[in-house]
Amino acid sequence: MERLRVVGGARLSGTVRVFGAKNSALKLMAATLLAPGESKITNLPAIADVDYMAELLTRLGCSVKVNNELHEVIIAVPKKLGHRADYDLVRKMRASINVLGPLIARELVAEVALPGGDAIGSRGLDFHINGLKDMGAEIHSEHGFVIARASNGIKGAAITLEFPSVGATENIMTAATLATGRTTIDNAAREPDVVDLGEFLIAMGAKITGLGTHTITIDGVKELKPATHATLADRIVSGTWAFAAAMTKGDITIENGRVDHLEVPLDKLVEAGAVVTTTSNGFRVKMDKRPIAVDVATLPYPGFPTDLQPMVIALNAIAEGTSLVTENVFEGRFMFVNELLRLGANIQVDGHHAAITGISELSAAPVAATDIRAGAGLVLAALASDGITIIEDAYHIDRGYPDFPVQLQSLGADVTRV
Ligand code: EPU
């Protein structure tokens, strides 16, 4: 998908079904490398990044069968793995770095190209690297690759992260499952995706406690066995639909949505005037007036997710009043604001703060998606605009939102791929 054509003005209403989280599914797939044999991941989202991860695992020697109709992938992992993840694949998605922990744990050597992914800030790897070094790996970078070797094996260590990084917590946790001795990760990420990965590892035989808390403890075991695991529902996709309802004076029921994973964003939507109710297997968001502006600061979970920051800026752009949105996780994420300015939004950015004065309607114009979430935020803004918006580089959206145009159409929006 290169471009999306969005006609503004529709009030979205109906039911959407949410599948597994991208940021869980990709990590679960990478973690299957830890055990020879056949693992199965279900509730898989049909997104481009799953295909990239499937290709990466294939090149490492696995046989991978993705079935988008059944929403599952079966991964047969060989006894001996390759250990090199090349740039052409890794540059397409940041989650490729998640093969580092499993590879060093199993093969005691890993060569992973420095990742690309979204252009949303510097996104270093120092926390990953320092953690694995503490566990006995020797790591350096050479010709664009992170090269890790643990000639004397991976050993448990007490690690304190400078920042509760999702990726670093995951790489250290996966490496620690097969280490000798105990690893503790202090200031660990508490995101539901990290918990989901930890639960999969436990199903594979890992000994892990403290998931979802600041301190995760892993006691290394000799080997893991393959397992089957259902991916956790995508809280960012669920949250995107919730903002879509609030921005279009809509009424959307989000099947499989988890209110317990979206407490702060849903509180913000209630503050903006939406009515949020739980349903038997999800939740419903209804809005019948112009939203009221809300102040937001992004933070690690359970704070307001940085991945919903474009959505809340888009909402504030058409809200009544002024607001301040502070980005504390990814410095580059305000790039998306330039695109909103093209739609007539009134936003001033200063460092990691954006001051927004709401206007009653945005003015349709050609814009470009700069990353997955910016792309989704632009779709919501376009829906609240006065005409036809063409969104360039819309392939970004396919990386994280399964069948987005089709789902939008089912809710009454006029959105087509062009
Ligand atoms: N950071 C470092 N050094 C490190 C690791 C991280 O400085 O070694 C910094 C990053 O630059 C960033 C902050 O720490 O400023 C947080 O990064 P974190 O490691 O937590 O993020 P990540 O693992 O790279 C995942 C998601 C992101 C999501 C963040 C925060 C995946 C593949 N990506 O990234 O999702 O925004 O956690 O929740 O899981 C997306 O889905 O669109 C997306 C960008």
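The values are calculated or read from the model by the stated rules, or taken from the named source; none is laboratory data. Just so we're clear, the structure is a prediction, and the values are computed from it rather than from any experiment. Here Cβ is always computed from backbone atoms with ideal geometry, including for glycine, and neighbour counts include all displayed protein chains. Ligands, DNA and RNA are stripped out before the accessible areas are found, and what is left, the full protein with its side chains, is counted by its heavy atoms. Shrake-Rupley method; radii C 1.70, N 1.55, O 1.52, S 1.80 Å.
Have a look at ALA113, ALA168 and point out the one that is crowded, with 23+ Cβ neighbours inside 10 Å and within 16 Å of the ligand (Cβ to nearest atom). Walk me through it before giving the result.
Details: ALA113 fails: crowded, with 23+ Cβ neighbours inside 10 Å.
Result of the check over ALA113, ALA168: ALA168.
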With respect to ASP134, is the statement that it is surrounded by fewer than 24 Cβ atoms within 10 Å (Cβ to Cβ), more than 26 Å from HIS261 (Cα to Cα) and modelled with pLDDT of 95 or more true? yes
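For region 383-402, how many residues are open to solvent by 50 Å² or more (accessible area, probe 1.4 Å), away from the ligand (no atom under 16 Å from the Cβ) and under 17 Å from VAL418 (Cβ atoms)?
Initially, region 383-402 is screened for residues open to solvent by 50 Å² or more (accessible area, probe 1.4 Å), giving 386, 388, 392-393, 395.
When the remaining residues are screened for being away from the ligand (no atom under 16 Å from the Cβ), the result is 386, 388, 392.
Now narrow it down to the ones that are under 17 Å from VAL418 (Cβ atoms): 388, 392.
The total comes to 2.
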Of the residues in region 9-50 that are more than 21 Å from the chain's Cα centre (by Cα) and open to solvent by less than 20 Å² (accessible area, probe 1.4 Å), the one that is farthest from MET93 (Cα to Cα) is LEU12
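Confirm whether GLU162 is out of contact with any Asp or Glu (no Cβ under 7 Å at 6 or more places or on another chain) and assigned to a helix (DSSP H, G or I). Write out each step before concluding.
Working: out of contact with any Asp or Glu (no Cβ under 7 Å at 6 or more places or on another chain): yes; assigned to a helix (DSSP H, G or I): no.
It is false that GLU162 is out of contact with any Asp or Glu (no Cβ under 7 Å at 6 or more places or on another chain) and assigned to a helix (DSSP H, G or I).
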Read through the list (1) within 15 Å of the ligand (Cβ to nearest atom); (2) open to solvent by 10 Å² or more (accessible area, probe 1.4 Å); (3) over 22 Å from ILE347 (Cα atoms); (4) of a type in the set (A, V, I, L, M, F, W, C), then give the number of the only condition that LEU299 fails. (3)
For GLU69, only one of the following conditions fails: (1) of a type outside the set (A, V, I, L, M); (2) assigned to a loop (DSSP other than H, G, I, E, B); (3) within 16 Å of the ligand (Cβ to nearest atom); (4) farther than 22 Å from GLY136 by Cβ. What is its number? (3)
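For SER141, indicate whether it is within 30 Å of TYR401 (Cβ to Cβ) and of a type in the set (Ser, Thr, Tyr). So that I can check it myself, show each step before the final result.
Details: within 30 Å of TYR401 (Cβ to Cβ): no; of a type in the set (Ser, Thr, Tyr): yes.
When the stated conditions are applied, SER141 does not pass them.
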Within region 81-90, is even one residue part of a helix (DSSP H, G or I), open to solvent by less than 30 Å² (accessible area, probe 1.4 Å) and closer than 26 Å to GLU191 by Cβ? yes
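Working carefully through the options LEU380, LEU315, find the one that is within 16 Å of the ligand (Cβ to nearest atom), under 14 Å from PHE243 (Cα atoms) and open to solvent by less than 10 Å² (accessible area, probe 1.4 Å).
Numbers: LEU315 fails: within 16 Å of the ligand (Cβ to nearest atom).
Only one candidate qualifies: LEU380.
Specify which of the listed residues (LEU178, LEU197, LEU232, LEU161) is closer than 18 Å to LYS27 by Cβ, more than 16 Å from the ligand (Cβ to nearest atom) and among the hydrophobic types (A, V, I, L, M, F, W, C). Let's see the steps before the verdict.
Values: LEU197 fails: more than 16 Å from the ligand (Cβ to nearest atom); LEU232 fails: more than 16 Å from the ligand (Cβ to nearest atom); LEU161 fails: more than 16 Å from the ligand (Cβ to nearest atom).
Just one listed residue meets the conditions, LEU178.
Somewhere in region 119-133, is a residue over 22 Å from GLY20 (Cα atoms) and away from the ligand (no atom under 13 Å from the Cβ)? I'd like the intermediate steps shown before the answer.
Let us first name the residues in region 119-133 that are over 22 Å from GLY20 (Cα atoms), namely 119-133.
Now drop any that are not away from the ligand (no atom under 13 Å from the Cβ), which leaves none.
No, that holds for no residue.
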Selection count, region 214-223, where residues are open to solvent by 10 Å² or more (accessible area, probe 1.4 Å) and either touching a Gly at 6+ places or on another chain (Cβ under 9 Å) or of a type in the set (D, E, K, R) (or both): 6
How many of the residues making up region 322-374 are within 22 Å of the chain's Cα centre (by Cα), among the hydroxyl-bearing types (Ser, Thr, Tyr) and in a loop (DSSP other than H, G, I, E, B)? 1
Inter-residue pairs, beta-carbon under 6 Å, first in a strand (DSSP E or B) and in region 387-407, second open to solvent by less than 50 Å² (accessible area, probe 1.4 Å) and within 16 Å of the ligand (Cβ to nearest atom), 6+ apart: ILE391/ALA369; ILE391/LEU378
Only unsatisfied item for SER151, checking (1) of a type in the set (Ser, Thr, Tyr); (2) open to solvent by 10 Å² or more (accessible area, probe 1.4 Å); (3) not in a loop (DSSP other than H, G, I, E, B), is (3)
